[in-house]
Amino acid sequence: MKRSHRLRVPAIAVVATAALAVAACSSSSSTSSSPGTSSSPGTSSSTSGSSSAPLTASAPGITATTITIGSHQPLTGPAAPGYSEIAPASAAYFAYVNANGGVDGRTITYKYLDDAYNPTQTASVVRQLVLQDNVYSIFDGLGTPTHLAVESFLNAQKVPDVFVASGCDCWNQPAADPDTFGWQLDYIREGKILGQYVAKHFAGKKIGYFYQDDEFGMDGVKGLDDEIPKSMVVARQTYVPTNTNVGPAVAALRAAGAQVVISFSIPAFTALLKLNSLKLGFSPTLVVSNVGSDAITLSGLLESFAKQGGATVNGNQLTAGIITDGYLPTLGDTSNSWIALFKKIHDQYDAKAPFDGNVLYGEAVAYTFVQAMLKAGRNPTRADLLNAINAGLPQGPAVAPYAYASTDHDGVTGAYIGIITNGALVQQGPVYTTDASATGAVTTYTGAEEQAPASGIPAP
Amino acid sequence: MTMRPLPRILGAALVGAALVAVLSMKLNAFRDYQIAEIAVDVTAVAGLTVLTGLSGQISLGNGAFMAIGAYTTALLLLHLGWPFIAVLVIAAAVTAVAGAIVGVAAARLHGPYLAGATLMLGVALPSLANAYPGIFGGDQGLNVVYSAPGFLGVNFPLTRWQAWVCSAVAIVTLVLLANLARSRVGRNWRAVRDDEVAAALAGVNVARARVLAFVVSATCAGMAGALLAVITGLVAPGAFTITLSIALLTAVVIGGLGSLFGAIWGSLVIVLLPTYATDVATSHGLSTTVASNIPVAAYGVVLILVMLIFPQGIQGGALWLLRLLWNKKEGTQ
């Protein structure tokens, strides 16, 4: 009697486990088309005859047939909505390159691990990638607070830390952190470009700031203050990502009579700002930084937040008229060669994800990595990759040139102003470029934009 | 079997130290880092298992005590540049004071009310870093620079040194706690846990015993926070969310409530399981959305299994198995 009872408990446990396993499997079968690590075998027959030196294991993470790189990404947790699409999109681009001859005949294996946007987990997963998996480089590590946790470790280990997915000015310290490079338009430049537009088009209006209370928001405000006269700014309100109650901040903006609100916020908080404004009957012109303004992500968030609050809204109606900036071509511009290329690759390798700003970002930054690898040489060491980027990279998909030089590790240097119309970003006027200093002017960029290569793979 | 407790505890500690030394030399640098991570968790979980298992109080706020220890460490290393051993002592002392303050309040609360109060601590305290960014560096946190001592040579791997330092602190903590649990203090805790009225009638100062348990538990968490600060090199509020406090409690329950050996099992599970599950998931070519959720699911499965099969935790299960084998052997003779 006693014995049978003792057996019953393990039996329940086994059944419970089996049920969970079945649940896990059923969800995996529906989405198993995009593998976490992209390493489809490449056709290494295309090794060009121009240089016939044999491929060697020239650096950690590089063998005669593969290049292994790693990243930390918020695949779960608060920053996952939207941002979790970036790494799979990069992996899709690498899969395309691998299927078309690879980089000098080597295939790229991209191993990205989840840090849940928690700096302690970032420290742990990056050590795993560097110390155990021996990656050649950390690529596109996402987030300012998370990546700051590993920047000094990567530089001490002399691991190339390329194209950090954050516009913090902190990646541009070539003397202290020679192995770290930014990629996207930094928030100071972005603040200056948005600030100049607002100062010119909304002269005499009352302006309010709403920004994330960290390096991201403060860098943006630094740029805004360079361009907008202090007397125009009637309110400066902040939020922290861990507190979703932005009601008091929005009420303060309204009480100050702000007619234009400039927001340096992540998508979730742009949506909260908009919804709280609606609730208060407050409808200023909204100007939002690029990272917080992807129209598709924003529209989805607005609808789901409103639903949680028991209301129904039309996301595209609410995003209409938001002014923002862009440093990659607009998604709706189907005649653009880059959009055509990245849409094609997306449809082939990453079709489950929506083709939105995050996906475009992931593919474009992966393209830049392949550019840099091809420039680094046939059998590159880690130092070769740094030297290749320090010598400057061709513009690629961005609308303005990169700042890369041995004394400058900032990425894209300019952007255009755009307005969201019918759920899509529409470019307004020319591309502006500027520098990250307080005095440097914002000027119209006159250089031509590059065309995407027909093969989809950068020329060496 | 009839060995006196102190030599037995010291013996176990020596075996543990030898094991860490051998493993840290044999395994690669990342495994060394994981040993350090496990040791950090052992230090914090051991304090919590004593609080919950012996004195019968629950805490959902030990992550906040880790934050206090970590920020104390970061500020001292950053501004004063003291040697780590001194910093560790100060960090432990500061969290002990914090633990005493919380303990005085907690001694009046029971069950869900105590859980609620400590939960509030765990949620609210880390946001102080955002309220005073000038001191605590806001959301970005503070960077901590900590290197291996010079006499080991330039090529000595930093992660091995970190594994040694963290394991040394964890082992000393375990030895002290094991002795404490067998002393009058430990007996008083158990008496208070089982029946407060009876304990008070027997002359035990119930309030003092409860506050002391909180101080001990907070001190352990503070030391764990100090260790975490030096191994990750960064102290930021994102590291000390409520998830951390709950992970510590999970480790206590998985390992076996009130058992110091259980603290080791629990820490092994919470550190190694996510890495292992991710490796398995990605190597089987699962999609990102599934693979990234596998560690969370595995965590849940382990928790369910342990609860159903070994309600006394892994340590309880291991003892039960040993006893079963022992009885079989006795029976065949």
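The values are calculated or read from the model by the stated rules, or taken from the named source; none is laboratory data. From a predicted model like this one, the values you see are computed outputs, not experimental measurements. Cβ: placed from backbone, ideal geometry, glycine included. Neighbour counts: every protein chain shown.
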Do we find that B:I270 is among the β-branched types (V, I, T), under 19 Å from the mean Cα position of the chain (by Cα) and farther than 30 Å from B:G111 by Cβ in this structure?
no
Could you check, for the range A:196-217, whether at least one of its residues is within 13 Å of A:A436 (Cα to Cα), touching a strand residue (DSSP E or B) at 6+ places or on another chain (Cβ under 7 Å), of a type outside the set (D, E) and part of a helix (DSSP H, G or I)?
no
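For the range A:373-421, what are the residues that are polar (S, T, N, Q), farther than 20 Å from A:T434 by Cα and either in contact with a helix residue (DSSP H, G or I) (Cβ under 6 Å, 6 or more places away or on another chain) or without any contact (Cβ under 8 Å) to a residue 60 or more places away in the chain (or both)? Full working, then the answer.
Our first condition is that a residue be polar (S, T, N, Q); within the range A:373-421, this holds for A:379, A:381, A:387, A:390, A:395, A:406-407, A:413, A:421.
With the extra rule that they be farther than 20 Å from A:T434 by Cα, the set shrinks to A:379, A:381, A:387, A:421.
Answer for the range A:373-421, where residues must be polar (S, T, N, Q), farther than 20 Å from A:T434 by Cα and either in contact with a helix residue (DSSP H, G or I) (Cβ under 6 Å, 6 or more places away or on another chain) or without any contact (Cβ under 8 Å) to a residue 60 or more places away in the chain (or both): just A:N387.
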Breaking point among (1) more than 9 Å from chain B (Cβ to nearest Cβ); (2) touching a helix residue (DSSP H, G or I) at 6+ places or on another chain (Cβ under 8 Å); (3) part of a helix (DSSP H, G or I); (4) touching a residue at least 60 places away in the same chain (Cβ under 8 Å), for A:N98
(2)
Out of B:A74, B:A70, B:A163, B:A91, sole residue that is surrounded by 17 or more Cβ atoms within 10 Å (Cβ to Cβ), in contact with a strand residue (DSSP E or B) (Cβ under 9 Å, 6 or more places away or on another chain) and within 26 Å of B:A17 (Cα to Cα)
B:A70
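So that you can scan it fast, the table gives a plain yes or no per residue for (1) surrounded by fewer than 24 Cβ atoms within 10 Å (Cβ to Cβ); (2) modelled with pLDDT under 95; (3) not assigned by TED's automatic domain parsing to the domain that holds A:A353:
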site	(1), (2), (3)
A:S265	no, yes, yes
A:G281	yes, yes, yes
A:V288	no, no, yes
A:Q308	yes, yes, yes
A:A311	yes, yes, yes
A:G321	yes, yes, yes
In the range A:117-140, how many residues are closer than 17 Å to A:D179 by Cβ, polar (S, T, N, Q), crowded, with 24+ Cβ neighbours inside 10 Å and within 11 Å of chain B (Cβ to nearest Cβ)?
1
Do we find a residue being within 14 Å of another protein chain (Cβ to nearest Cβ), closer than 23 Å to B:A213 by Cβ and of a type in the set (G, A, S) anywhere in the range B:145-160?
no
When you go through A:D161, A:D169, A:D114, A:D177 one by one, which is the residue that is in contact (Cβ under 8 Å) with a residue 12 or more places away in the chain, charged (D, E, K, R) and more than 14 Å from chain B (Cβ to nearest Cβ)?
A:D161
Working only within the range B:203-224, note down all residues that are farther than 15 Å from B:L174 by Cα and not small (G, A, S).
B:V204, B:N205, B:V206, B:R208, B:R210, B:V211, B:L212, B:F214, B:V215
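Table: residues versus (1) within 14 Å of chain B (Cβ to nearest Cβ); (2) part of a helix (DSSP H, G or I); (3) in contact with a Gly (Cβ under 6 Å, 6 or more places away or on another chain).
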position: A:T238; (1), (2), (3): yes, no, no
position: A:N243; (1), (2), (3): yes, no, no
position: A:I262; (1), (2), (3): no, no, no
position: A:L275; (1), (2), (3): no, yes, no
position: A:S283; (1), (2), (3): no, no, no
position: A:T297; (1), (2), (3): no, yes, yes
position: A:G300; (1), (2), (3): no, yes, no
position: A:E303; (1), (2), (3): no, yes, yes
Name the helices (runs of 4 or more DSSP H) wholly within the range B:61-158 that hold at least 3 residues that are within 18 Å of B:T219 (Cβ to Cβ) and in contact (Cβ under 8 Å) with a residue 40 or more places away in the chain?
B:62-79, B:84-106, B:111-124
If we ask which residues in the range A:141-158 are in a loop (DSSP other than H, G, I, E, B) and either within 10 Å of chain B (Cβ to nearest Cβ) or acidic (D, E) (or both), their number turns out to be 2
Among the residues of the range B:22-42, are any buried (at least 19 other Cβ atoms within 10 Å of the Cβ), over 18 Å from B:A229 (Cβ atoms) and away from every other protein chain (no Cβ under 14 Å)?
no
Qualifying residues in the range A:323-360 (those that are of a type in the set (K, R) and surrounded by fewer than 17 Cβ atoms within 10 Å (Cβ to Cβ)) - the one farthest from A:Y416 (Cα to Cα):
A:K352
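Checking the conditions here, which among A:G61, A:G77 is at pLDDT 50 or above and within 12 Å of another protein chain (Cβ to nearest Cβ)?
Being at pLDDT 50 or above and within 12 Å of another protein chain (Cβ to nearest Cβ) holds for just one of A:G61, A:G77, which is A:G77.
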